[in-house]
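Here's the structure we're looking at; comments come further down.
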Protein chains: 2
Amino acid sequence: MIETLTQEETDALLREQVVGRVGCHAEGLTYVVPVIYAYDGAMITVATVEGQKTRMMRANPSVCFEVDVYEGPGRWRSAIVQGTYEELGGEEAGAALAALAARFSGDGPARRPGASGRETVVFRIVVSEATGRAVRRGAER
Amino acid sequence: MIETLTQEETDALLREQVVGRVGCHAEGLTYVVPVIYAYDGAMITVATVEGQKTRMMRANPSVCFEVDVYEGPGRWRSAIVQGTYEELGGEEAGAALAALAARFSGDGPARRPGASGRETVVFRIVVSEATGRAVRRGAER
């Protein structure tokens, strides 16, 4: 049984999860990539490194963001967001990194080239629409 | 530290995971949605219901498929697949459903309208490229 989550339930799911996936599309290619994120009710904030996804999101800032949690056979919740990519710089990037570091203490990205040698990119996805669903097949059995 | 998985490691990750995400794009919209799947080394097989993703994948069969596993602070593996959507019918759909049901005993989709009232759609993604990555930041600390 597929249920639609309320806006509050969708919001709660986005706040509680740690790993989500960004979906982007440019030049005929669709690309889905996992990220660690923070969500404040209006924006999803991510720190990553330069690469394919940053190039694609700059080319086409209309992106999708997804989280899901599998809670056992036939039971899961998911949220799907449509939004717009915005790259952060200067003080905004610093504040976002601090917020991410506070959320993931000991696991926060530093604003310097990482072990990969690539520059850190801080971005947010400004949420235009967020929908959520729950499947609770297990409860029927 | 971001490492590239070998083809064997990427393949193993795709075989061991249960939930993945399909990314598709049509008419300017990018959409990422979780699915339960099976992988046989060449194709990803999914049973779902009629809806936005099936409409979009029929319109544009070039899709992305992603799995990830978060193994603790700073440690994860992910695989990203590029492939082509193919809808299954007849005996192929029946065989695919049986394989999915065998993998997810007690959780397999039946080939009938589900509790949602929507028709089941069985499809596969024929893999053209699969790449994998591991982040093992935790090991450095």
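Every number in this text was worked out from the coordinates using simple rules, so none of it is lab data. Keep in mind that what you see is a predicted model, and the values were worked out from it rather than measured. Note: ideal-geometry Cβ built from the backbone for every residue, glycine included; neighbour counts use all protein chains shown.
Under a model in which nothing but the beta-carbon of Lys, Arg (+1) and Asp, Glu (-1) is charged, the protein assembly as shown shows a dipole of about 260 debye around its Cα centre.
Give me the Å³ per residue figure for the convex hull around the C-alpha atoms of chain A. All intermediate terms of the calculation are to be shown ahead of the outcome.
Working: hull volume 17.6 nm³, N = 141.
Per-residue hull volume (Cα only) is 125 Å³.
Mean-square fluctuations from a GNM of chain B, with a 10 angstrom spring cutoff on Cα atoms, peak among B:PRO73, B:PRO61, B:PRO34 at B:PRO73.
Using every pair of separate Cα atoms, the Kirkwood estimate puts the hydrodynamic radius of the protein assembly as shown at 19.4 angstrom.
With a ≥ b ≥ c the root eigenvalues of the C-alpha gyration tensor of segment B:45-110, is it rounded (a/c under 1.5), prolate (a/b larger than b/c) or oblate? Oblate is the answer for segment B:45-110, as a/c is 1.5 or above yet b/c matches or exceeds a/b.
Cβ-to-Cβ counts within 10 Å put B:THR48, A:THR6 in ascending order as A:THR6, B:THR48, the fewest first. In this label model, B:VAL19 and A:VAL69 are separated by 0.9 nm, measuring between points 7 Å along each Cα→Cβ vector. Modelled this way, with points 7 Å down the Cα-to-C-beta line, the labels at A:SER62 and A:GLU87 are 2.1 nm from one another.
Could you tell me how many degrees, from 0 to 90 and to the nearest 10, lie between the Cα long axis of helix A:7-16 and the main elongation axis, the longest principal axis, of the Cα atoms of chain A? On a 0 to 90 degree scale, this one is about 50.
Taking Cα atoms only, the orientation of helix A:90-103 departs from the longest principal axis of chain A by about 50 degrees.
For segment B:11-93, which GluC sites (Glu not before Pro) pass both filters: DSSP loop (anything but H, G, I, E, B) and at most 15 other C-beta atoms within 10 Å? Passing both the DSSP loop test and the Cβ count: B:GLU27, B:GLU50, B:GLU71.
Taking every DSSP helix (H) stretch of at least 4 residues in chain A, weighting each as -39,500 (n - 2.57) and dividing the sum by the residue count yields a mean residue ellipticity at 222 nm of -7000 deg cm²/dmol.
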